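Chemist: Below is the structure I would like to discuss, written out as structure tokens.
The values are calculated or read from the model by the stated rules, or taken from the named source; none is laboratory data. Note that this is a predicted model, so its numbers are computed, not measured. Because the Cβ atoms are built from the backbone with ideal geometry, glycine has one as well, and the counts that use them run over all protein chains shown. Surface accessibility is based on the protein's heavy atoms, side chains included, excluding ligands, DNA and RNA. Shrake-Rupley method; radii C 1.70, N 1.55, O 1.52, S 1.80 Å.
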Amino acid sequence: MEKKWCMIATWEMAKEGVEKGSSILQDRGNCCDAVETGVKTVEDCPEYTSVGYGGLPNEECEVEMDAAFMDGKNLSIGAVAGIKDFKNPVSIARKLSENRFNIFLVGAGAEAYAHKNGFERKNMLTEESKKIWEKRKKEMSEKNLSPYDGHDTICMIALDKCGDMAAATSTSGLFMKKRGRVGDSPLSGSGFYVDNEIGGAAATGLGEDIMKGCLSYDTVQRMKRGISPMEAAQSSVRDFSEKLKKIRGYSGAMSLIAVNNRGEWGIGTNVEFTFVVGNSEKVRVYRAVPMENKVVIERLKDSL
Ligand code: GLY
């Protein structure tokens, strides 16, 4: 029997990618193709300065990217971290997920693998991103500013009409990060997790904090206990933010998207953030605003 399909993604920048992914799912396509196509669309757009081409560089002015792919049918995972000068890190991650061994490659090893497997090379640093880097470098030396600014990983999770699920992430990571710094996005359980028998979750925010709580796996395990995706994602972020505040007085920004294998979706966040949902109704952009003990969700835009 044909099942309900659904796609959810972090940030408004995902809209065009979710539209493309949704049309794949609507036409009985596969969830793996939907998330890869959706994330590639964002990676290719130079206007989004946190992902792929045009991503903001590390402190050496190099664009080092992290990406991951997970197939919820067989729990296959592929990931790359600190990879430079390749057009679509998410596609390299997907290819790695076919392997039995060597599924997570970093830096020069990831680049050698991508080259050997025919992936397209590209200088990912745009003039615009270089200008932002130069300005920030000057400000940092003059005003002693923190290098971290914003959190915008692209994450997508899809459920197709056969009931299969997949997740993918891609980011250039923290602006002005140290060379070799890796965030949560390529780490299974932290940046993403998906299991056909339950559902999937993925995270955007400060990787250094998200990975302390393995928030994507935690959210999926909450759904396994029968909690709705909305309650699972919100309670996961709330519980872990409170724990960090109790331990050390503050928590970094964390936002989670979640969808179960019935196509019900949810989000949890401790900062304002936008996200996109595609299903048989429409592709819609929403904004989530955290309030005391709840998150208020408002509709921003629909696709035509
Ligand atoms: N969440 C992305 C990063 O921290 O790199």
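Chemist: Taking the Cβ of Glu281 as the center, what net charge do the other residues with Cβ under 11 Å away carry, scoring Lys and Arg +1 and Asp and Glu -1?
Modeler: Counting the neighbours of Glu281, the net charge comes to +2.
Chemist: Given N residues in region 183-304, what is its alpha carbon radius of gyration divided by 2.2 N^0.38 Å?
Modeler: Against the compact-globule rule of thumb, the ratio is 1.01.
Chemist: Sort region 1-119 into rounded, prolate or oblate with this rule: let a ≥ b ≥ c be the square roots of the eigenvalues of the Cα gyration tensor; rounded if a/c is under 1.5, and if a/c is not under 1.5, prolate when a/b is larger than b/c, oblate otherwise.
Modeler: oblate
Chemist: Let me ask another. Separation between the Glu62 and Glu281 pseudo-spin-labels, each 7 Å from Cα along Cα→Cβ, expressed in nm?
Modeler: 4.6
Chemist: Here's another thing I want to ask about it. Provide the descending list of Cα extents for region 1-46 along its principal axes, expressed in whole angstroms.
Modeler: Here the Cα extents, ordered largest to smallest, are 41, 16, 13 Å.
Chemist: Which of the pairs Lys178/Lys245; Lys15/Lys84; Lys73/Lys246; Lys4/Lys301 have their Cα atoms more than 28 Å apart in this structure?
Modeler: Going by Cα-Cα distance, Lys73/Lys246 fall outside the 28 Å limit.
Chemist: List the DSSP H helices in the chain whose Cα atoms stretch 20 Å or more along the helix axis and whose mean Kyte-Doolittle hydropathy is at least -1.0.
Modeler: 229-248
Chemist: Taking only the alpha-carbon atoms of region 198-237, what semi-axes of the equivalent ellipsoid follow from 5 times the gyration tensor eigenvalues under a square root, in whole Å, largest first?
Modeler: Calculated on Cα positions only, the semi-axes equal 18, 9, 8 Å.
Chemist: Okay, next question. If R₀ is 30 angstrom, what is the calculated FRET efficiency for the pair Lys178 and Lys224, using the beta carbon separation as r and rounding to 0.05?
Modeler: Calculated value: 0.25.
Chemist: Hey, can you find the accessible area per residue of the chain for me, probe 1.4 Å, expressed in square angstrom?
Modeler: 44
Chemist: Another question about this same structure. Could you look at region 145-235 and say what percent of its accessible area is carbon and sulfur, using a 1.4 Å probe and all protein chains?
Modeler: 52
Chemist: Run through all the Cα pairs of region 252-304 and give the fraction in each 5 Å bin from 0, expressed as whole percent.
Modeler: Per 5 Å bin, starting at zero, the Cα-Cα P(r) for region 252-304 comes out as 5, 19, 28, 25, 15, 7, 2, 0 percent.
Chemist: Leaving out ligands, DNA and RNA but keeping every protein chain, what accessible area does Lys73 have, in Å² rounded to the nearest 10, with a 1.4 Å probe?
Modeler: 130
Chemist: Over the alpha carbons of the chain, what is the largest minus smallest coordinate on each principal axis, giving the biggest first in Å?
Modeler: Each principal axis gives a Cα extent; for the chain these are 57, 48, 41 Å.
Chemist: How much accessible surface area, in Å² rounded to 10, belongs to the heavy atoms of Arg94 with a 1.4 Å probe?
Modeler: Near enough 60 Å² of accessible area.
Chemist: Report the dimensions of region 48-100 along its three principal axes from the alpha-carbon atoms, largest first, rounded to Å.
Modeler: 38, 20, 15
Chemist: Do the sum for the chain: with -39,500 (n - 2.57) for every DSSP H run of n ≥ 4, divided by all residues, what is the mean residue ellipticity at 222 nm, to the nearest 500 deg cm²/dmol?
Modeler: -10000 deg cm²/dmol
Chemist: Among the GluC sites (Glu not before Pro) within region 248-304, which fall in a DSSP loop and have no more than 12 other Cβ atoms within 10 Å of their own Cβ?
Modeler: Sparse-neighbourhood loop GluC sites (Glu not before Pro): Glu281, Glu292.
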